[in-house]
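Before any comments, here is the structure.
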Amino acid sequence: MIQEFKEFISRGNVMDLAVGVIIGAAFTAIVKSLVNNLINPLIGVFLGQIDFSSLVLKVGNATFKYGSFINSVINFLIIAFVVFLLVKMINKIMPKKEDVEADPIPTAEEKYLSEIVSLLKQQKK
């Protein structure tokens, strides 16, 4: 079982995932700051300060703060839209992988296989 765990951990995609999570957490802080410090105040200028946190539902001793949930959903939608715009902008700036890589030069083996295929096609005619 320990050997299987070592094999699992040493796979490249596990390390890539770990790096992605760490960078994602740092990126989340940047996007959250962008939304809280720039986007939300801009929206507040046009729509006024929107705050649903005072909306609550009391049932017995339980208090359901559904207004805070609505605020979280609105913040999520704003953050998701900002991330969408950032990704769209980055995709325009960064060249596509296909554009960067030219057609690979065929190896000798691929050339021979290509010739064999063309000879077989000629024999079928």
Inset, instruction - Can you tell me how much longer the chain between residue 68 and residue 93 gets when fully stretched, taken as 0.36 nm per residue apart minus their C-alpha distance, in nm with one decimal? - result: 5.3 nm
Inset, instruction - Normalising by the residue count of the stretch 2-124, find the relative contact order in percent from Cα pairs under 8 Å and 6+ residues apart. - result: 15
Inset, instruction - Would you mind checking the tilt of helix 108-124 against the longest principal axis of the Cα atoms of the chain, expressed as 0 to 90 degrees and rounded to 10? - result: 70
Inset, instruction - Specify the angular offset, from 0 to 90 degrees and rounded to the nearest 10, of the alpha carbon long axis of helix 66-93 from the longest principal axis of the alpha carbons in the chain. - result: 30
Legend entry - Number of Lys pairs (Cα under 19 Å; 8 or more positions apart or on different chains) in the chain: 4
Inset, instruction - Find the Rg to Rh ratio for the chain, where Rh is the Kirkwood radius over alpha-carbon pairs and Rg uses the same atoms. - result: 1.30
Inset, instruction - For a quick protection proxy, order the peptides 1-11, 82-92 by their average other-Cβ count within 10 Å, most packed first. - result: 82-92, 1-11
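None of the figures in this text is laboratory data; all of them are computed from the coordinates on show. These numbers come from a predicted model, not from an experiment. Note that each Cβ is placed from the backbone with ideal geometry, even for glycine, and that neighbours are counted across all protein chains shown.
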